1. When the helix-only estimate is applied to the chain (DSSP H runs of n ≥ 4, each -39,500 (n - 2.57), divided by the residue count), what is the mean residue ellipticity at 222 nm, nearest 500 deg cm²/dmol?
2. In terms of solvent-accessible area of protein heavy atoms at a 1.4 angstrom probe, what is the ranking of His44, His103, highest value first?
3. Going by amide H atoms built from the backbone, whose H comes under 5 Å of the H on Leu19, apart from near neighbours?
4. Please list the non-local residues whose amide H lies under 5 Å from the amide H of Gly80, H modeled 1.01 Å from N, same-chain partners needing a gap of 5 or more.
5. Amide H of Leu67: which non-local residues (sequence gap of 5 or more, or other chain) have their own amide H closer than 5 Å, using H built in the peptide plane?
6. Residue by residue through region 23-30, what is 3J(HN,Hα) from phi via Karplus (6.51 cos²θ - 1.76 cosθ + 1.60, θ = phi - 60°)? Round to whole Hz and write x for glycine and proline.
7. Provide the per-residue ³J(HN,Hα) series for region 101-107, in order, calculated from phi with Karplus coefficients 6.51, -1.76, 1.60 and θ = phi - 60°, each as a whole number of Hz, with x at glycine and proline positions.
8. Among Gly168, Ser123, Ala109, which residue has its Cα positioned farthest towards the positive end of the charge dipole of the chain, with +1 placed on the Cβ of Lys and Arg, -1 on the Cβ of Asp and Glu, and the dipole taken about the Cα centre?
Amino acid sequence: MPAVTAFAQWPVSLATKRLVLRPVEPEDVPAHARLWTDAEVRRHLGGPVPAEVVRVRAERCVGVPGLLSVVRGEDAVVVGSVMVEPGARSGRTEISYQLLPEHWGSGYAREAVAAAVEWVPLSVPGADIVAVTQEANLRSRRLLEALGATCVERFVEWGQPQVMYRLG
């Protein structure tokens, strides 16, 4: 997991109408491992993560500052993750997110990202919040645009055209 600068508020638990975003707990690790290895989830993220990397991440992800499990409130099922990384993009705070495919289309990603965007200024004062997605990832681009994000940069990373959006 990437190093993250200290947060003014951590650990944190964020609640939305249907979700709870909270630090990763040991019982969440299998869901996170699926996020790292599912071919559909990883289609625009460079493909499934190698087994050795998954093993290391699984050992280290519990309680990592900035990494939140996205948990459905009604039944405590982990549906995805949100990562908040202060300073990750040339001093900007990057928000990234992944949802398990069976939960796509439910609005959970939008709800979770919106909650994280609201929380960042409280925990990372003065943060310039960005999110990066592959240009080809139309679902992610639509989600960010629905949240009012604006395109601020286009570039190539990992051999693919990327779009950086500014949020908040």
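The values are calculated or read from the model by the stated rules, or taken from the named source; none is laboratory data. The shown structure was predicted, so the numbers you read here are calculated from the model rather than taken from an experiment. For neighbour counting, all protein chains shown are included, and Cβ atoms are generated from backbone atoms with ideal geometry for every residue, glycine included. The accessibility values were calculated without ligands, DNA or RNA, using every heavy atom of the protein model including side chains. Shrake-Rupley method; radii C 1.70, N 1.55, O 1.52, S 1.80 Å.
1. Only helices count here, giving -8000 deg cm²/dmol.
2. Working: His44 45, His103 20 Å².
Largest accessible area first, the residues go His44, His103.
3. Gly73
4. Correct list: Val70, Leu100.
5. The answer is Val84.
6. Whole-Hz 3J(HN,Hα) from phi for region 23-30: x, 4, 10, x, 6, 7, 4, x.
7. So the Karplus estimates, Gly and Pro as x, are x, 5, 10, 5, x, 9, x Hz.
8. My answer, from the dipole projection, is Gly168.
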